[in-house]
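Enquirer: Following this message is one structure expressed as structure tokens.
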Amino acid sequence: MAEKYDHKKIEQKWREVWEKTGINNTDLVSKDPKFYNLIMFPYPSGEYLHIGHAYSDMGADVYGRHKQLNGFNVFMPIGYDAFGLPAENFAIKAGVNPKDSTASNIEHAEKQLKSWGCLFDWSHKMTTSEPSYYKWTQWLFLKLYEKGLAYQKEAPVNWCLKCMTVLANEQVIDGLCERCDAEVIQKNMKQWFFKITDYADRLIKDLDKVDWPESSKIKQKNWIGRSEGVEFKLKVKNSKFRPEDDQPLAEKVDEDLSIEVFTTRIDTVYGMTYVVLAPEHPLVGKITTPDQKKEVEKYLIQSQKLTDIERQSLEKEKTGVFTGSYAINPFNGEKVPVWIADYVLYGYGTGAVMAVPAHDERDFEFAKKYKLPTREAVAPYTKFETKPDLETEVRDLAIAVVHNPQDNTYLCLEWKTTKWRAFPSGGTDGEDTITAAKREVLEETGYKNIKFVKEFRNTIFEEFYRPHKNSNVIAHSIYLLFELENDERQEVSEKEKAQHEAIWVKEKEVEKFLNIKHLKLFWESFQAGEEILFTGSGKLVNSGEFSGLFSEEAKEKMADWLEKKKVGKTKINYRLHDWSIGRQRYWGDPIPIVYCEKCGVQPVPEKDLPVKLPEKIKDFRPKGTGKGPLASVPEFVNTTCPKCGGKAERETDTMDTFVDSSFYYLRYPNVGNDKEMMAPEITKKWLPVDMYVGGAEHVTMHLLYARFITKVLHDAKLIKFDEPFIKLRHQGMILGPDGKKMSKSKGNIIIPDEVVREHGADVFRTYILFMGRFEDGGPWNPKGLVGVKRFLEKVWKMYKYFEGLDSRLRGNDKRGGNDKAVGWAKVSNAEVQAKMARAIKKVGEDIEEFKFNTAIAALMKLMNEMSGGERDFSARRSAKSVGMTNRGVSKEDYEKLLIILSPFAPFMAEELWERLGNKDSIHVQGWPEYDEKLIQEETVTIAIQVNGKVRDQVVATVETNQDEALELAKTSGKIQKYLDGKEIKKVIYVKGKLLSLVVS
RNA sequence: GCCGCGGUGGCGGAACUGGUAUACGCGCAGCACUUAAAAUGCUGUGGUCGUAAGACCUUGCGGGUUCGAUUCCCGCCCGCGGCACCA
């Protein structure tokens, strides 16, 4: 029988059989060890499910199937995230009700999903836009409301001009709406928020508990953006104050007015030369002096006009205006001007900052533009190699940087013994630095005529060992630039000569060999004579009682100081904002709140849930009035107060879709339960999720929200765990055949439906996972797919040998009579057994690590080993017709191959399994066992290296020891050639791997 | 700018904990089968030089550590993703 592999027929057949037998419907109460294998549920927004969905689901499915073969009761549920802006926007465009378009989109998605051969349990399907689901979304809202975690506040929110709704920060990309790319502006509105910031610390800390990609953990940490610092108050001199006034400070201080600032660099506070308020800061009006009023108002109007995109654009030059007032630095009592500038954000910290231009890039830039002074407070400190036993002296050091303008080189000393290089330098010992430097140059190098150019004004500390003095020094280094006037030199003393040599070094080399980190940093500024900016940590200077401390220590002491003086305290700030969840749109869960004239804000009682979204609504399009379309449905809006029974109105905002998806994984095992959101027993058994697979783009949104909600429910004692997803893996992106991101305009889209139709799901699955690393994705190559197809067809063809195996042994060589050597033996030969064992191990381990590409490579290799190899002429006739020879493979071997292939090609494996005469499904078999002993190769090839290069290979056993290996090596003619007349100085032996000989 | 990931044959990509770089697949070449083509199978395939044996070179670039580096360290270049005036 030469039946061709017909994927359409086979896949259709098994889809029906599996659906009928319900093989993938998980029995949630059965006792097997459970495995909750979850994919991010699809969002049926109108486009077909794209190749990315297929990639993710297929990878997760292979993993799940492997778990199933290893005895786990695998639950792989499926559902639809159906509410929200994209679905609604799609409906508006199509001119239909979102309910209808969503239904038809789901219908198509379902067909696609079912064609992929995944373990989806359709009996637990759910859709977030159905009342049976969103009842629990509303229930969740009430829980948060109860705990004070859902609240309303007037706040500047992101407002999409096109979608005409509020967006969460996470949904604003580069100042544009994530979904429609329209401009997003800031608007002040009363909004519903979830207090995710209360959980910020735990959301960071608990990342340690989960097995997630490290990069995703880092992304979440950065997104939350915790920063430790201090908040402190600066008193403001009242508005009548003039800088020209020279009154005692105390008299001028307005005790009631103070500016609170937040900083993470309190160690630089002595470098503060001005203070900046954000334009929206409430103090702006109070402290602006009459003569600055005009200017300030002009500036405020001007900055309001800017959109967020413009304001945040880095190219934009910083602008600001002086208020006329001054603030007092509590540390030194100094008065510094207060400015207004829009580079300070009102939404972060206190909306005001202390400006330290010497140590902050933004302040530096601003100060430069407005000619504000700069003051150094922290000096760089570098520790080079020192000798621990020696004493360390502290001294001022004059360092001479002598430039030769003739050839643009610099004068350096190279120590003879250590090759240590440095500029000529010497202690000043109270002497004038220029004189000291000149003297050192003369003594050490002999150059007589050098001209002083300038001194580098920043302090630099360096700690190092001086070979010429055999001592350690902490140097307060003063760099001086000289120019060489002429070559005139005097004789250098013998003592100096013996130690080092004067050399001229090219400009580029200077930075390189001196390896003086901080000088390098400043080299350009130094040459240009510019002021420098140092943003690192170091040793404090010009900082009163704190001078001499290192930054870290100073931060603590200064915070203590502030606390003692009661003007400040340590404070932790987050970039993360509370989650704005209200949407002025139709297609979402109504927020279960009513407003009563008498009782105020009232939550809808649990028993009245769900608050149904009215289905018959004339116009569901957004109005842009700040209120959602539900506001124009009186039957919805008008209700009675749950408390007093009086007249009341419903909240007309709907919830952000991310609320729906923040708990869906909890709901899956509870589908059908309309009494409670989570039944304790089943929830305890199935959660948390064991493996979660989905795109990395959800790290800062969905995954963060889901973790937050899980923690809230944990704290409410509704669940025992506080992390929802134990393991997380991301799929990479599948690119078009041209290596570019797939897009309609580029015309490089691969449609999953077409791949299934043309090649079948098995080829699709196997190819897409073979392409490259799962987390990397890569370009889709139709030619590469051919290779995978060939491989599967080979597996298919092999079946012919086993057809009717029970009645007659295949391949019995009728002519030669030597069935063992050439035929399909009943008992497979040892070689095949060993290769099989290795493949079983490798494929299993690789799937476990999501290394599907190498697992498939191992399967291909096994197939080649089982079918290819030496030419078998006795079987030639069959080799011709079926395209392969053989190596003595038994039916059992073939079955094992099918089992380990089945996660990748579930349809074909099932079909062949059945054809071999098996009654039950291949997918409920056990992962084949193998004998560990067979894994070990008994003979190994040992590489022989001579002086690091492989020169020959010898065959040995795993047991071969170093001496034996050496003997073997010596017998090799190739090796002898290299050993001839030489002495073996060193032998390194890695058992079973290589022998490395060092000869000379 | 900051954070993260990556750079390996003609191409997609392998490589344990520092131990024979290029597994597996594509492509290409030769052979077999065929009247022929396709399909299939077998063999070969990093580069340069060489008739050959072989030699030398090779994991983005430049240094370093090591008997030995794709792997570790230092300094760069390029690509991708995220954040972006967060004080």
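Enquirer: Restricting attention to segment A:50-82, which residues are polar (S, T, N, Q) and more than 25 Å from the chain's Cα centre (by Cα)? Break it down into steps so the answer makes sense when it comes.
Expert: Pass one, segment A:50-82, residues polar (S, T, N, Q): A:56, A:68, A:70, A:73.
Once the filter is applied, which keeps residues that are polar (S, T, N, Q) and more than 25 Å from the chain's Cα centre (by Cα), segment A:50-82 yields A:Gln68, A:Asn70, A:Asn73.
Enquirer: Being crowded, with 19+ Cβ neighbours inside 10 Å and either more than 16 Å from A:Leu901 (Cα to Cα) or of a type in the set (Val, Ile, Thr) (or both) is the filter here; which residues of segment A:782-801 pass it?
Expert: Of everything in segment A:782-801, those that are crowded, with 19+ Cβ neighbours inside 10 Å and either more than 16 Å from A:Leu901 (Cα to Cα) or of a type in the set (Val, Ile, Thr) (or both) turn out to be A:Leu785, A:Val788, A:Val795, A:Tyr801.
Enquirer: If you don't mind, there's one more thing I want to ask. Looking only at segment A:690-705, how many residues end up being of a type outside the set (A, V, I, L, M) and under 21 Å from A:Ile734 (Cβ atoms)?
Expert: 6
Enquirer: If you check every pair at least six apart or on different chains, which have Cβ atoms under 8 Å apart with a residue in segment A:977-999 that is closer than 9 Å to A:Ile944 by Cα first and a residue that is more than 9 Å from RNA strand B (Cβ to nearest atom) and open to solvent by 60 Å² or more (accessible area, probe 1.4 Å) second?
Expert: A:Leu995/A:Gln962
Enquirer: Scan segment A:916-939 and give yes if some residue there is assigned to a strand (DSSP E or B) and within 16 Å of RNA strand B (Cβ to nearest atom), otherwise no.
Expert: yes
Enquirer: Next up: Among (1) surrounded by 18 or more Cβ atoms within 10 Å (Cβ to Cβ); (2) of a type in the set (A, V, I, L, M, F, W, C); (3) not in a loop (DSSP other than H, G, I, E, B), there is one condition A:Ala82 misses while meeting the rest; what is its number?
Expert: A:Ala82 satisfies all of (1) surrounded by 18 or more Cβ atoms within 10 Å (Cβ to Cβ); (2) of a type in the set (A, V, I, L, M, F, W, C); (3) not in a loop (DSSP other than H, G, I, E, B) except (3).
Enquirer: Related question: With the condition kept exactly as written, say whether any residue in segment A:777-799 is of a type in the set (Ser, Thr, Tyr), in contact with a Leu (Cβ under 8 Å, 6 or more places away or on another chain) and farther than 15 Å from A:Phe904 by Cβ.
Expert: Yes - at least one qualifying residue is present in segment A:777-799.
Enquirer: Now for a different question. What pairs come up if the first residue lies in segment A:105-125 and is farther than 15 Å from A:Gln12 by Cα, the second is hydroxyl-bearing (Ser, Thr, Tyr), and their beta carbons are under 6 Å apart, counting only those six or more places apart or on different chains?
Expert: Pairs found: A:Ile106/A:Tyr80; A:Asp121/A:Thr26; A:His124/A:Tyr668.
Enquirer: Taking segment A:537-555 only, how many residues are exposed (fewer than 14 other Cβ atoms within 10 Å of the Cβ) and within 16 Å of RNA strand B (Cβ to nearest atom)?
Expert: Selection size over segment A:537-555: 1.
Enquirer: In the set A:Asp57, A:Asp100, which member is surrounded by fewer than 19 Cβ atoms within 10 Å (Cβ to Cβ), in a helix (DSSP H, G or I) and in contact with a helix residue (DSSP H, G or I) (Cβ under 8 Å, 6 or more places away or on another chain)?
Expert: On inspection, the qualifying residue turns out to be A:Asp100.
Enquirer: Select from segment A:903-947 the residues that are among the small types (Gly, Ala, Ser) and closer than 16 Å to A:Leu69 by Cβ and write down the one among them that is most open to solvent (accessible area, probe 1.4 Å). Break it down stepwise before answering.
Expert: Of segment A:903-947, the ones among the small types (Gly, Ala, Ser) are A:905, A:909, A:917, A:921, A:926, A:943.
Narrowing the set further to residues that are closer than 16 Å to A:Leu69 by Cβ leaves A:905, A:909, A:921, A:926.
Values: A:Ala905: 0, A:Ala909: 0, A:Ser921: 19, A:Gly926: 45 Å².
Result: A:Gly926.
Enquirer: Next question. Does A:Gly320 satisfy being within 15 Å of RNA strand B (Cβ to nearest atom), touching a Phe, Trp or Tyr at 6+ places or on another chain (Cβ under 6 Å), within 23 Å of A:Ile572 (Cβ to Cβ) and at pLDDT 90 or above?
Expert: Judged against the criteria, A:Gly320 is not a match.
Enquirer: Has segment A:9-26 got any residue that is surrounded by fewer than 21 Cβ atoms within 10 Å (Cβ to Cβ) and farther than 20 Å from A:Phe907 by Cα?
Expert: no
Enquirer: Going by the structure shown, is A:Glu47 over 20 Å from A:Glu19 (Cβ atoms) and more than 27 Å from the chain's Cα centre (by Cα)? Can you show your working first?
Expert: Details: over 20 Å from A:Glu19 (Cβ atoms): yes; more than 27 Å from the chain's Cα centre (by Cα): yes.
Yes: the conditions hold for A:Glu47.
Enquirer: While we're here: Limited to segment A:959-992, what total is found for residues that are part of a loop (DSSP other than H, G, I, E, B) and either surrounded by 12 or more Cβ atoms within 10 Å (Cβ to Cβ) or in contact with a Phe, Trp or Tyr (Cβ under 9 Å, 6 or more places away or on another chain) (or both)?
Expert: Residues that pass the stated criteria total 6.
Enquirer: So which residues in segment A:179-227 are within 15 Å of RNA strand B (Cβ to nearest atom) and in contact with a Gly (Cβ under 8 Å, 6 or more places away or on another chain)?
Expert: Once the filter is applied, which keeps residues that are within 15 Å of RNA strand B (Cβ to nearest atom) and in contact with a Gly (Cβ under 8 Å, 6 or more places away or on another chain), segment A:179-227 yields only A:Val184.
Enquirer: Now for a different question. Within segment A:739-747, is there a residue that is buried (at least 16 other Cβ atoms within 10 Å of the Cβ), among the small types (Gly, Ala, Ser) and on the phi > 0 side of the Ramachandran plot?
Expert: Among the residues of segment A:739-747, not one is buried (at least 16 other Cβ atoms within 10 Å of the Cβ), among the small types (Gly, Ala, Ser) and on the phi > 0 side of the Ramachandran plot, which makes the answer no.
Enquirer: Considering every residue within segment A:971-981, establish whether at least one is at pLDDT below 85 and away from RNA strand B (no atom under 16 Å from the Cβ).
Expert: For segment A:971-981, residues at pLDDT below 85 and away from RNA strand B (no atom under 16 Å from the Cβ): present.
Enquirer: Residues in segment A:233-253: is at least one at pLDDT below 95, within 16 Å of RNA strand B (Cβ to nearest atom) and either touching a Gly at 6+ places or on another chain (Cβ under 7 Å) or open to solvent by 10 Å² or more (accessible area, probe 1.4 Å) (or both)?
Expert: Yes, because at least one residue in segment A:233-253 is at pLDDT below 95, within 16 Å of RNA strand B (Cβ to nearest atom) and either touching a Gly at 6+ places or on another chain (Cβ under 7 Å) or open to solvent by 10 Å² or more (accessible area, probe 1.4 Å) (or both).
Enquirer: Continuing with this model, one more query. Considering only segment A:872-907, how many residues are modelled with pLDDT of 50 or more and in a helix (DSSP H, G or I)?
Expert: Going through segment A:872-907 one residue at a time, the tally reaches 13.
Enquirer: Report yes if A:Leu442 is at negative phi and part of a strand (DSSP E or B), otherwise no.
Expert: no
Enquirer: Is it the case that A:Val378 is under 24 Å from A:Ile503 (Cβ atoms) and in contact with a Leu (Cβ under 8 Å, 6 or more places away or on another chain)?
Expert: So A:Val378 does not fit the description; no.
Enquirer: Still on this model: Among the residues of segment A:918-945, what is the count of those that are modelled with pLDDT of 85 or more and of a type in the set (S, T, N, Q)?
Expert: Number satisfying all stated conditions: 4.
Enquirer: Would you please name the residue that is least open to solvent (accessible area, probe 1.4 Å), looking only at residues in segment A:556-566 that are more than 16 Å from RNA strand B (Cβ to nearest atom) and touching a residue at least 24 places away in the same chain (Cβ under 8 Å)? Working first, answer last.
Expert: Going through segment A:556-566, the residues more than 16 Å from RNA strand B (Cβ to nearest atom) turn out to be A:557, A:560-561, A:563-566.
If we keep only those that are touching a residue at least 24 places away in the same chain (Cβ under 8 Å) too, we end up with A:561, A:565.
Details: A:Trp561: 46, A:Lys565: 121 Å².
Ranking the candidates gives A:Trp561 first.
Enquirer: Which residues, taken from segment A:331-375, are part of a loop (DSSP other than H, G, I, E, B) and away from RNA strand B (no atom under 16 Å from the Cβ)?
Expert: Passing the criteria: A:Asn332, A:Gly333, A:Glu334, A:Lys371, A:Pro373.
Enquirer: Something else now. If you take the residues of segment A:337-367 that are within 14 Å of A:Lys233 (Cβ to Cβ) and of a type in the set (Val, Ile, Thr), which of them is least open to solvent (accessible area, probe 1.4 Å)?
Expert: From segment A:337-367, those within 14 Å of A:Lys233 (Cβ to Cβ) are A:338, A:349-354; that's our starting set.
Going one step further and asking which of them are of a type in the set (Val, Ile, Thr), we end up with A:338, A:350, A:353.
On the way: A:Val338: 0, A:Thr350: 28, A:Val353: 38 Å².
Out of the qualifying residues, it is A:Val338.
Enquirer: What's the total number of residues in segment A:152-204 that are open to solvent by 50 Å² or more (accessible area, probe 1.4 Å) and at pLDDT 90 or above?
Expert: 5
Enquirer: I'm trying to understand the selection: among the residues of segment A:25-40, which are more than 24 Å from A:Glu848 (Cβ to Cβ) and in contact with a strand residue (DSSP E or B) (Cβ under 6 Å, 6 or more places away or on another chain)?
Expert: The one that is more than 24 Å from A:Glu848 (Cβ to Cβ) and in contact with a strand residue (DSSP E or B) (Cβ under 6 Å, 6 or more places away or on another chain): A:Asn25.
Enquirer: Just to be sure I understand, how many residues within segment A:739-759 are in contact with a helix residue (DSSP H, G or I) (Cβ under 8 Å, 6 or more places away or on another chain), within 16 Å of RNA strand B (Cβ to nearest atom) and not in a helix (DSSP H, G or I)?
Expert: Count: 2.
Enquirer: Right, next: If only one of A:Lys371, A:Lys383, A:Lys387 is among the basic types (Lys, Arg) and on the phi > 0 side of the Ramachandran plot, which one is it?
Expert: So the residue among A:Lys371, A:Lys383, A:Lys387 that is among the basic types (Lys, Arg) and on the phi > 0 side of the Ramachandran plot is A:Lys371.
The values are calculated or read from the model by the stated rules, or taken from the named source; none is laboratory data. As the structure is a prediction and not an experimental result, all values here were calculated from the model. With ideal geometry, Cβ positions are generated from the backbone for all residues, glycine too; neighbour counts draw on all protein chains shown. The protein model used for the area step is the full one, side chains on, heavy atoms only, and it has no ligands, DNA or RNA in it. Shrake-Rupley method; radii C 1.70, N 1.55, O 1.52, S 1.80 Å.
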